[in-house]
Amino acid sequence: MQTTITTILFVVNPISGGRDKKDHQDAIEKFFAPLPHKIDVFLLNDKNNAQCLEKRIEQLKPQIVVAVGGDGTVGMVAKKILNTDIILGIVPAGSANGMARELNIPENVEEALKIIENGRVKKADAISINNQLCLHLSDIGLNARLVKYFEEGNMRGKLGYAKVALKVLFNPQNIRVILKSKEGEIKRDAFMVVLANASKYGTGAVINPTGDLYDGLFEVVIIKHIGIGTLLKRWITPKTLDPKKIEVIQAEAVNIYTHKKVHFQVDGEYIGKVKQVSAKILPGQLNILVPEGS
């Protein structure tokens, strides 16, 4: 990074991924000790996090704000700096690190911090979905139900995901959807419908092979009937779904209607049940640090 960028705010979620972040804080202090930057650490505590973070940003006026946590932490930070000159950095430390994986940011803390210091800035898109900010992947149906059960459970990490995945995948629920965009209207039956700014889930499973964070478009990915064994394999292995089993539609805006209320999640955060989803692209509104060469 340019030496003029000197003030960096680290937003640390101390409980994301079920892991204590004391080691992350120590690593941050050690890494930046010999460097000229001004470093500040903000610990989330589940009480007025959004308001307190906004106040800290206003007071500190950082050039970079780094999310140290999972996709929920990344989303919280992004909301506060969207459409500003402030740059988003990521140190992955959650149960799901989908955005970090998408950007090729390693989970090793020191390697991730090197990107904060020496990475390049790109202008990434986001999606506004029912007035929620989506950076990565949102969906209705099967996966959103998985997210709900995971949040309600008492087990974190990959084992927690595996436990609820079995519960969901062996009881799939089909949904009927109507999609309306400027190209027209289509009707489909599906297990789930994904609104994808990116290409893959935090597990590495590729759901949207044409995903591009910088192209001014998002994809609507319709997952039609597919075997339970195949779904389970793709959730835990970084492979692409059979293109015969999915349908991908590019869009700048879309409205989705369902025949009944269905589960809905945004970037790994369960929102609730909905019968309508309205989405539109927010092109190039987030400055984000990525590895040099990306």
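Straight Cα distances below 20 angstrom link Lys273 to the aspartates and glutamates Asp139, Glu151, Glu152, Asp189, with same-chain residues fewer than 8 positions distant left out. Counting only aspartates and glutamates at least 8 places from Lys30 when in the same chain, those with an alpha carbon closer than 18 Å to its own are Asp20, Asp40, Glu107, Glu110, Glu111, Glu117. Annotation: extensible slack from Thr7 through Thr210 equals 69.5 nm (criterion: 0.36 nm per residue apart, minus Cα-Cα distance). Cross-link pairs exceeding 31 Å between alpha carbons, from the set Lys123/Lys261; Lys123/Lys200; Lys114/Lys244: Lys123/Lys261; Lys114/Lys244.
Legend: residue pairs Lys80/Lys182; Lys224/Lys260; Lys79/Lys148, Cα-Cα distance threshold 20 Å; pairs beyond threshold, Lys80/Lys182; Lys79/Lys148.
Readers should treat all values here as calculations from the given coordinates under stated rules, not as data from a laboratory. Note that the coordinates shown come from a computational prediction; the quantities given were computed from them, not determined experimentally.
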